[in-house]
1. Label the chain by shape, choosing from rounded, prolate and oblate, from the square roots a ≥ b ≥ c of the eigenvalues of the Cα gyration tensor; if a/c is under 1.5 it is rounded, and otherwise prolate applies when a/b is larger than b/c, oblate when it is not.
2. With everything on Cα atoms, drop me the angle between helix 8-22 and the longest principal axis of the chain, reported from 0 to 90° to the nearest 10.
3. Using only Cα atoms, find the angle between the long axis of helix 54-71 and the longest principal axis of the chain, and express it within 0 to 90 degrees, rounded to the nearest 10.
4. Taking 7 Å along the Cα-to-C-beta vector as the label spot, tell me the residue 70-residue 114 distance in nanometres, rounded to one decimal.
5. Can you give the alpha-carbon Rg of segment 94-153 over 2.2 N^0.38 Å, where N counts its residues?
6. Semi-axes of the equivalent ellipsoid for segment 3-83, please: Cα gyration tensor eigenvalues, times 5, square-rooted, ordered largest first, whole Å.
């Protein structure tokens, strides 16, 4: 049986979403992957109005472990990791682009856009399924998010 077929995976996601919500955070991502004889269960936390702290990760980790131990869903040995998306976080959708308007971002396109495969610029307006990318110099680019292979914030120092 593959990990995707495991009946407990959706239950783990539900538990993670509840635990994270109870701690006034959001579940940015959840992954479960095999590593040797163990499973690595990774929860990535987010907060709309500020950074995720080490204390947030500690509390969620403790609460999640308690719930998983009570329900005994995962038969295999596992390691729980709880973290934040980081300063160079992935932009998952247009809502993320709107949220981080004005920040510097790097986009990789699934097909060339005006002969470019990558573009770095500030996030501008979001409308009609597109995001405006404002370069330091040169022409503004409007990009359909459907044509974005990968997008991340860029750490500015």
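What follows draws every value from the coordinates through simple rules; no lab data is involved. Keep in mind that what you see is a predicted model, and the values were worked out from it rather than measured. FYI the Cβ positions are ideal-geometry reconstructions off the backbone, even for glycines, and counts take in every protein chain you see.
1. Details: a/c = 2.78, a/b = 1.99, b/c = 1.40.
Prolate, because a/c is 1.5 or more and a/b exceeds b/c.
2. 70 degrees
3. 40 degrees
4. If labels sit at residue 70 and residue 114, their model points lie 5.4 nm apart.
5. Working: Rg = 10.1 Å, N = 60, 2.2 N^0.38 = 10.4 Å.
Against the empirical 2.2 N^0.38 Å value, I get 0.97 for segment 94-153.
6. Working: eigenvalues 94, 31, 27 Å².
Over the Cα atoms of segment 3-83, the ellipsoid semi-axes are 22, 12, 12 Å.
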